[in-house]
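All remarks here apply to the structure that follows.
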Amino acid sequence: MTSGKLKQKGWFAAALPFRHLVLYVVVGAFIGVIILHPLNTLVVWMEFEPSLSSKHESIASFARTRITDAPLFHLITMNGTFAGLGAAIGGAFALLTNMVSVQTRAAAGFLKDLQLALPSVIAGGENEYTEFKATLRWDIKETRTNRSLEQVVAKTLAGLMNTQGGRLLIGVADNGDILGLDADLQTLRDKSPDGFERALTGVIKTYLGGAACTLVRCRFLKANEKLICWVLVEQGSSPVFLALSGTSKYYVRAGNATRELNVAEAHDHIQRRGH
């Protein structure tokens, strides 16, 4: 099932099977009787041990007396109560595990959708919603780490956030050539996709602010056997400014480029956006 279908139907799309729920409820009820009930006895013993120890040699004696001397109706009620409590916990756990399972399948389906769409997105080139960046921080021409390239990435993200959102593919040259992330990964302490995502998040936090980090999601895909980063960018509900050298700059997406607006243009754009 694709992520679109899951999103359309909600997490009930993969409704919890009745037999699955019954199994968890029955197991929960059984655990309630054999674990929760004795546990309750232990708690009572620990709380009232000074007064109970005069009549009972040990907790085992106390527990045995509670069972043998209790009226049948009282014993059935007690066990029924703990069975019901255990059944409720088992049912809740079944629902929780089902939600996690559906969300996991949805994430996997979404990643598959992106992977299938990747060739056509790259072939379509850059446009109002799509931008390519060869690297995050590795300067291909000078063959060295160049942190100023991170500002360019942040500028692109700000432009997408201030317009209608979109996607940034890192590891893809402007002409669509697949370069991959290997050069960037070698500049990181953690040379893994997780390390790359943390580095990108750090760039966003530095130049765009912590709130902007919530507008970005990273997914790592393969193209021509090379790893690239597909950055999904949401439209911001408030203006996003690029902080650079003590000034704040406002960018928007215009066609297949990111353009800086002056103060008057930025004010007009923000008013029209309804920020």
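Things worth noting here:
- As a summary of the residue check, residue 56 satisfies the conditions (1) exposed (fewer than 15 other Cβ atoms within 10 Å of the Cβ); (2) part of a loop (DSSP other than H, G, I, E, B) except for the one numbered (1).
- When the stretch 209-251 is filtered for residues that are farther than 30 Å from residue 109 by Cβ and surrounded by 20 or more Cβ atoms within 10 Å (Cβ to Cβ), the ones remaining, listed by number, are 242, 250, 251.
- Meets criteria (in contact (Cβ under 8 Å) with a residue 40 or more places away in the chain and over 17 Å from the mean Cα position of the chain (by Cα)) for residue 242: yes
- Boolean, residue 68 is of a type outside the set (Phe, Trp, Tyr), more than 30 Å from residue 113 (Cβ to Cβ), at pLDDT below 80 and part of a helix (DSSP H, G or I): yes
- Residues of the stretch 129-155 classified as surrounded by 15 or more Cβ atoms within 10 Å (Cβ to Cβ), more than 17 Å from residue 216 (Cβ to Cβ) and touching a residue at least 24 places away in the same chain (Cβ under 8 Å), total: 4
- Residue match in the stretch 157-177 (condition: crowded, with 19+ Cβ neighbours inside 10 Å, among the small types (Gly, Ala, Ser) and at positive phi): yes
- None of 136, 157 is of a type in the set (A, V, I, L, M), closer than 30 Å to residue 268 by Cα and at pLDDT 95 or above except 157.
- Check on residue 83, in contact (Cβ under 8 Å) with a residue 40 or more places away in the chain, of a type in the set (Gly, Ala, Ser) and surrounded by 17 or more Cβ atoms within 10 Å (Cβ to Cβ): yes
- On inspection, residue 81 does not qualify as more than 25 Å from residue 35 (Cα to Cα) and modelled with pLDDT of 85 or more.
The values are calculated or read from the model by the stated rules, or taken from the named source; none is laboratory data. All of these numbers come straight from a predicted model, not from anything done at the bench. Every residue, glycine among them, receives a Cβ derived from its backbone with ideal geometry; neighbour counts consider all protein chains shown.
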